1. Ala128 versus Arg72, label points 7 Å from Cα toward the beta carbon: distance in nm?
2. Summing Lys, Arg as +1 and Asp, Glu as -1, what charge do residues with Cβ under 14 Å from the Cβ of Ile103 carry, Ile103 excluded?
3. Which aspartates and glutamates have a Cα lying under 13 Å from the Cα of Lys139, excluding residues fewer than 8 positions away in the same chain?
4. Taking Cα atoms, how many degrees apart are the long axis of helix 144-156 and the longest axis of the chain, rounded to 10 and kept between 0 and 90?
5. Order by neighbour count: Ile135, Ile65, fewest other Cβ atoms within 10 Å first, most last.
6. Report ³J(HN,Hα) in whole Hz for each residue of the stretch 113-124, in order, from the Karplus equation J = 6.51 cos²θ - 1.76 cosθ + 1.60 where θ = phi - 60°; Gly and Pro get x.
7. Note the full-extension length gain between Glu116 and Tyr137 as 0.36 nm times their separation in residues minus their Cα-Cα distance, in nm to one decimal.
8. I need the phi-derived Karplus couplings for the stretch 177-182: 6.51 cos²θ - 1.76 cosθ + 1.60, θ = phi - 60°, integer Hz, Gly and Pro marked x.
Amino acid sequence: MDQLLTRNAAFRRGIAVDRLPVARSPGRFALVTCMDPRINPAALGIESFAADGSGSSDVRVIRTIGGMAEDRSLLIAIHLAGVREIAFVMHTDCGNRLAKARIDTILESLRTHMRERDYDEFRAEIGAPMPDKLIAYLKAFDDPRAAVSREVVSVRSKPFVPDEVRLHGLVYELESARLDVVVDGYR
């Protein structure tokens, strides 16, 4: 927390307050990508903020584990922000792939760090068999290309997603910074 506040104070000393992007900008495009800090937004076409704090991107960016959006983010993006095109960007060497491979480590950590009654309640909520159900709950996967295809199909099936909203699925290769189109929402 101290580091966060110190860095914020340093940032504020170097900006031009009148140049901060305070007004909402209309944007019809959203990008859903993983929370992994190895994904460079510039590689995805997201303009960086300038040193003075100004910025002009109108892209809504939703970062979450595995590049899979929650319903509430999608609903607000589509029905309040006016988003009409969404790109889901997963990546190689994703922690959500690792989660599937190491589900026993996650289960052990849950058992170790949760109070027994809370763990029992969580286990009941997830269901049995716990390892398989937890993998499904996490949407953990082996292959990011197959996972992004499934995510596009899943989002397309949501009743609040209108047919005119274009959904794309891409995979970002950490090793080369290359984006591969897996699902082209224009087709």
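1. 3.2 nm
2. On the way: positive: Arg97, Lys100, Arg102, Arg111, Arg123, Lys133, Lys139; negative: Asp104, Glu108, Asp132, Asp142.
With Lys, Arg at +1 and Asp, Glu at -1, the neighbours total +3.
3. Counting by Cα, and skipping residues close in sequence, Lys139 has these aspartates and glutamates nearby: Glu70, Glu151.
4. Roughly 80 degrees between the two axes.
5. Working: Ile135 19, Ile65 15.
So the ranking, lowest neighbour count to highest, is Ile65, Ile135.
6. 9, 9, 5, 4, 5, 5, 4, 4, 5, 5, 4, 5
7. Numbers: separation 21, 0.36 × 21 = 7.56 nm, distance 2.03 nm.
Length difference between fully extended and current span is 5.5 nm.
8. Ordered by residue, 3J(HN,Hα) equals 6, 8, 9, 10, 7, 9 Hz.
Each value in this text was obtained by applying a stated rule to the coordinates, not by laboratory testing. Computed from a predicted model, the values in this text were never measured in an experiment. We place every Cβ from the backbone using ideal geometry, glycine too, and count neighbours over all the protein chains shown.
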